[in-house]
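J.: Just passing along the structure, written as structure tokens.
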């Protein structure tokens with residue numbers, strides 16, 4: 001009987017609950033971006049505020065992933081409990097922006113704390129899923145990363161729906177959503193039958209994983225992808241305001257949600273396609289498409305035509321995020337078997353460190369150039385990633 005219980009399929013409610021909780025928790029990621037105009041007015045900030053707010057979250061996430069790995073928290077305590085605590089504390093940190101909205105230092109610190117706590121939501125959600133799905137994990141990861149994408153886009157949807165509501169209401173709604181996701185996962189998703197214990201963190205392990213050539217190819221492909229991804233997401237509203245000057249604030253928020261959220265389609269569809277074509281080919285094709293979009297943006301942003309710009313941005317949104325779960329799958333597959341956890345942690349940390357450089361660079365360039373000239377620089381990422389990813393085809 002115990003053996004049969006271990007081999008029994010996961011209950012049908014497990015994956016939907018994890019996906020919803022992942023969506024709810026990661027909605028904290030861009031909550032500050034969605035209320036940027038109000039924060040700019042409150043703090044007297046200029047355009048560079050976008051880069052500061054986004055980079056603060058990314059920096060916090062990097063610190064969080066490294067600290068959680070060093071302490072082996074997800075292996076020493078129940079990942080369900082860790083997810084719950086981080087979701088609740090993240091909701092509180094997000095809500096406290098209302099109290100410190102007149103202090104740039106306070107807002108940036110709270111965004112960094114939120115990023116730190118997201119390290120106990122996004123990666124831990126994947127660990128929980130892995131504890132239930134030993135087979136078909138690639139498809140499950142497609143759904144989970146798709147949930148991350150929708151969660152990232154969700155504040156923009158809230159803003160478009162409630163554009164007449166106070167921005168404080170929008171922040172509180174995101175906090176309540178994140179807290180509810182943590183509670184639901186803790187109450188409805190028990191520890192899975194494949195939950196295992198990980199090895200202790202070691203600096204030598206971090207270096208050892210890069211000795212494998214195929215792992216380096218997958219990791220560098222991921223790094224190129226990350227140079228483009230979060231910078232594109234962060235600056236979509238800026239592009240829309242420039243290219244569609246007649247659009248209202250609510251319309252800009254709604255279109256931003258659609259463009260960022262379209263990545264969920266790429267994630268889920270890529271998960272299914274990978275079962276037939278392999279993760280390497282799926283990731284390679286999507287990285288090619290997003291790289292071409294970077295280059296074409298110079299011409300299309302100047303047209304000021306919604307009929308052309310909207311399909312283009314939606315396609316870019318699908319491709320720019322759709323390769324993420326497959327690159328993560330390749331990273332796990334090519335890492336030394338006994339160091340998969342360490343490998344995923346260090347690659348994720350480096351990848352998010354790269355996003356800070358890209359976002360801050362874009363913020364500085366925006367002071368001197370218009371958006372059509374800026375997004376060409378994002379092509380550096382796909383070109384770099386494709387150079388290495390082709391080795392895995």
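J.: Name the one entry in 363, 358, 297, 349 that is under 19 Å from the mean Cα position of the chain (by Cα) and buried (at least 22 other Cβ atoms within 10 Å of the Cβ). It would help to see each step written out before you state the result.
T.: Values: 363 fails: under 19 Å from the mean Cα position of the chain (by Cα); 297 fails: under 19 Å from the mean Cα position of the chain (by Cα); 349 fails: buried (at least 22 other Cβ atoms within 10 Å of the Cβ).
Just a single option satisfies the conditions, and that option is 358.
J.: Name every residue in the stretch 20-36 that is assigned to a helix (DSSP H, G or I) and surrounded by 24 or more Cβ atoms within 10 Å (Cβ to Cβ), in order of residue number.
T.: At the first step, the residues of the stretch 20-36 found to be assigned to a helix (DSSP H, G or I) are 20-26, 31-34, 36.
21, 22, 23, 24, 25, 26, 31, 32, 33, 34 - these are the residues of the stretch 20-36 that are assigned to a helix (DSSP H, G or I) and surrounded by 24 or more Cβ atoms within 10 Å (Cβ to Cβ).
J.: Among what's in the stretch 206-261 and is part of a helix (DSSP H, G or I) and without any contact (Cβ under 8 Å) to a residue 12 or more places away in the chain, pick the residue that is surrounded by the most Cβ atoms within 10 Å (Cβ to Cβ).
T.: Of all residues in the stretch 206-261, those part of a helix (DSSP H, G or I) come to 206-211, 213-243, 249-261.
Add one more test, that the residue is without any contact (Cβ under 8 Å) to a residue 12 or more places away in the chain, and what stays is 207, 210-211, 241.
Values: 207: 10, 210: 15, 211: 9, 241: 13.
Ranking the qualifying residues of the stretch 206-261, first place goes to 210.
No lab work stands behind these numbers, since they all come straight from the coordinates. Remember, predicted model here, so these are calculated numbers, not experimental data. Here the Cβ is made from the backbone with ideal geometry for all residues, glycine too, and neighbour counts use every protein chain on show.
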